[in-house]
1. Once you have the alpha carbon radius of gyration of the chain, what is it after dividing by 2.2 N^0.38 Å, with N set to its residue count?
2. Rank these residues by their accessible area, most exposed first, probe 1.4 Å: LEU145, LEU328, LEU431.
3. Identify the GluC sites (Glu not before Pro) of region 115-160 meeting these criteria: DSSP loop state and at most 15 other C-beta atoms within 10 Å of the C-beta.
4. Can you tell me which of 98-107, 222-231, 352-361 comes out highest on packing, and rank the rest after it, using the mean Cβ neighbours within 10 Å?
5. List the pairs from LYS417/LYS447; LYS209/LYS375; LYS209/LYS417; LYS207/LYS417 whose alpha-carbon separation is above 26 Å, in the order I gave them.
6. So how do LYS375, LYS118 rank on accessible area, 1.4 Å probe, biggest first, that is with the largest at the start?
7. Could you tell me the relative contact order of region 399-440? Use alpha-carbon pairs under 8 Å, at least six residues apart, and round to a whole percent.
8. With all pairs of different alpha carbon atoms counted, what Kirkwood hydrodynamic radius in Å does region 371-451 show?
Amino acid sequence: MDNPIAIVTSINGPVLHARGEKTVLMSELVGIGENRLVGEVIGINQSEITLQVFEETSGMKPGTPVYGTGAPLSVELGPGLLTGIFDGIQRPLPAAEAMYGSFIGPGMVIPSLDREKKWHFTPSAQPGNLIGFGFELGSVPETDLIVHRVLVPIGISGELTWLAGEGNFTILEPIARIRTETDEVEVTMMQRWPVRQPRPSVEQLPKNKPLVTGQRVLDSFFPIVTGGTAAIPGGFGTGKTVTQHQIAKWSDADIVVYIGCGERGNEITQVLQEFPNLIDPRNGHPLIERTVIIANTSNMQVAARDASIYTGITIAEYYRDMGYDVALMADSTSRWAEAMREISGRLQEMPAQEGFPAHLSSRLAEFYERAGRVKTLSGREGSVSIIGAVSPPGGDFSEPVTQYTRQYTRIFWALDKTLASARHFPSINWLSSHSEYIDSVSDWWQKETGFDWR
């Protein structure tokens, strides 16, 4: 990143236009200016490059250099994610506060995962074996609740020539060597993955096991399956965030990924205060030990809201690949859509319904399609269940985000303002809500309990 690849020519909030080399890549991560503000390439037209910046651009001027990285926006995956609190581009907020104070400074660079902490690695593979990507090399006790399975990174396969013995290692110390067709590759406990690219699996499995939420009205009348998708639409004050908090606390998922996308800071604060003190009734440990929190509050840059959704789903897929059932809470996808609308407006794209970009529907579809119950590359079964809150203005369920979300999710937990005003929580309207998983869970209940669930 020493030689600039482009020079900024115009600035419109978080959207920059630059002129430079034709070798720049679409979706490439870039650093802008002396502070190396984090940005992403979102458009290329000959030598004209369009960037979105995940940080505040106040004070920037034309002529600012743009430095390339040659890599897409990616997240670090490895031991240390659980109990973590990250912003939309995976900067660890507790470490940021310790180093920079209570406010995020421009160009703040902090490794997402702790480079110094040592983890106790226990090998489970045998040197000399042929292994493929996704193969389990060993394990690390990430928390008292969760065993972190160390997997061969995607794209590496061959003969395992060396594997470290049981001992303590940092995430950057080699724990294995694999001889591929071209050379010998060292493997560490940390890997990186592009956030906009779904992680691969062997096959999709039937969604026939319920995800027990612990909320009677949901489990009884509008059940969700493990690996399913659900929408929680509701006007202001109807309890969308509280419903998601309750599902995160009481569901039988192994891992919870909570994405606060553009929500008020006090709601994120509530999560941060409650989860460390809430004891999981299944094991007696704090709930935070199996939780990852992505905190992107309403006063943060709109471009980072877009990244936060993809950061969260990528982390969820990573734990799915270890064989865990992951519940992802996105609060709220409406704020994500509003961020897309603002960026699209600054790009002067042709607006569609209610000013939202024409690609809103496809982006929502891409997100919800990353849910599912799968057979992983290691041969285990894992799942990602997505529960997205929707905040229609004035509680109008006919607006575009609610309608598109309804197309791509199989559950509609409609919250009712009248019930909420009467202090009836969860304020699920049993006439407006529906679940398309009823037939799937009926067979499971019949088999497991012996009674006709219907």
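The values are calculated or read from the model by the stated rules, or taken from the named source; none is laboratory data. Owing to the predicted nature of the structure, the values given are computational and were not obtained by experimental measurement. Cβ: placed from backbone, ideal geometry, glycine included. Neighbour counts: every protein chain shown. These accessible areas exclude ligands, DNA and RNA; they are computed on the full protein's heavy atoms, side chains included. Shrake-Rupley method; radii C 1.70, N 1.55, O 1.52, S 1.80 Å.
1. My calculation over the Cα atoms of the chain gives 1.00.
2. LEU431, LEU145, LEU328
3. Answer in residue order: GLU116.
4. Listed from highest to lowest mean packing, they are 222-231, 352-361, 98-107.
5. Going by Cα-Cα distance, LYS417/LYS447; LYS209/LYS417; LYS207/LYS417 fall outside the 26 Å limit.
6. LYS118, LYS375
7. 39 percent
8. 15.4 Å is the Kirkwood radius here.
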